[in-house]
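The values are calculated or read from the model by the stated rules, or taken from the named source; none is laboratory data. The model shown is predicted, which means the values in this text are computed figures rather than measured ones. Methodologically, a virtual Cβ is constructed for each residue, glycine included, from the backbone with ideal geometry; neighbour enumeration extends over all protein chains shown.
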Amino acid sequence: MVNTILGKKLGMTQVFNEDGSVTPVSVIEAGPCIVTQLKSVETDGYIAVQVGFGDRRPKHVTKPQLGHFRGGLKSPKHPDVKPCRTLQEVRTDDISDLSIGQSITVDNVLEVGDQVKVTGTSKGKGFAGVVKRYHFHGGDETHGIMVHRKPQSSGATDAARTFKGTKKPGHMGSKTVTVRGLTVWRIDTEKNLLFIRGAVPGANDGLLTITRI
């Protein structure tokens with residue numbers, strides 16, 4: 001079975017433990033994911049499984065995508081699969097126990113106490129200066145100094161150019177971020193909810209990839 005499942009971030013809350021302590025957790029709607037394609041060494045050169053997450057109305061799916069879900073030429077080895085909103089490929093070592101159309105739920109992949117890494121798209125902050133973007137100290141606030149939040153010096157002057165990688169104002173956030181070492185705190189199999197201790201990247205309703213370490 002694969003060690004990865006897709007989910008949607010619902011938000012953060014806190015849960016009470018048996019000893020009365022409080023633990024902050026992120027609530028994720030993890031799965032169910034549908035197996036939409038199996039890739040093998042013979043046909044693709046590597047082993048992987050393509051999984052889909054989220055429902056999508058057939059009229060909103062393009063004909064090539066709809067043919068992909070229906071198995072192209074209606075092969076008996078590829079049954080019809082309900083169109084999914086998101087498709088993602090997961091590398092694995094063995095696909096013998098998987099079949100197209102199979103449902104992967106959170107309890108098939110994770111258990112309470114597992115260490116996971118969560119990947120998502122961080123919140124976009126728009127255009128930001130160096131103080132907000134890189135936590136620059138800024139200029140002096142007294143003695144007639146009129147430059148407070150500007151980047152000021154950019155490096156050597158004799159080079160007559162700006163070196164690559166110099167920290168400048170620019171677009172902040174909206175990048176792929178992975179948080180490692182998180183712990184699965186609780187699992188609600190009836191509602192497909194996953195409670196992970198700590199914060200995960202992205203805004204509410206954002207797509208997340210949860211992988212067991």
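Applying the condition of being aliphatic (A, V, I, L, M) and surrounded by 11 or more Cβ atoms within 10 Å (Cβ to Cβ) to the stretch 37-53 and asking which residue is modelled with the lowest pLDDT yields 38. Going through (1) modelled with pLDDT of 90 or more; (2) farther than 23 Å from residue 213 by Cα; (3) surrounded by 17 or more Cβ atoms within 10 Å (Cβ to Cβ); (4) not aromatic (Phe, Trp, Tyr) one by one, residue 68 falls short only on (1). Residue count for the stretch 6-36 satisfying the condition of being in contact with a helix residue (DSSP H, G or I) (Cβ under 7 Å, 6 or more places away or on another chain) and either at pLDDT 95 or above or over 17 Å from residue 210 (Cβ atoms) (or both): 1.
When you look at residue 201, is it surrounded by 14 or more Cβ atoms within 10 Å (Cβ to Cβ), over 20 Å from the mean Cα position of the chain (by Cα) and within 23 Å of residue 126 (Cβ to Cβ), yes or no? No: the conditions fail for residue 201. When 44, 80, 55, 97 are screened for being assigned by TED's automatic domain parsing to the domain that holds residue 196, touching a residue at least 40 places away in the same chain (Cβ under 8 Å) and of a type in the set (Asp, Glu), only 97 passes. Do the conditions hold for residue 188, that is, is it acidic (Asp, Glu) and within 17 Å of residue 9 (Cα to Cα)? When the stated conditions are applied, residue 188 passes them. Going through 117, 191, 167 one at a time, which residue ends up being outside the structural domain of residue 39 (by TED's automatic domain parsing) and of a type in the set (Lys, Arg)? So the residue among 117, 191, 167 that is outside the structural domain of residue 39 (by TED's automatic domain parsing) and of a type in the set (Lys, Arg) is 167.
Residues in the stretch 141-179 that are of a type in the set (S, T, N, Q) and either within 30 Å of residue 120 (Cβ to Cβ) or loosely packed, with under 10 Cβ neighbours inside 10 Å (or both): 142, 153, 157, 166, 174, 176, 178. Restricting the stretch 96-107 to residues that are modelled with pLDDT of 90 or more and hydroxyl-bearing (Ser, Thr, Tyr) leaves a set whose member that is surrounded by the most Cβ atoms within 10 Å (Cβ to Cβ) is 105.
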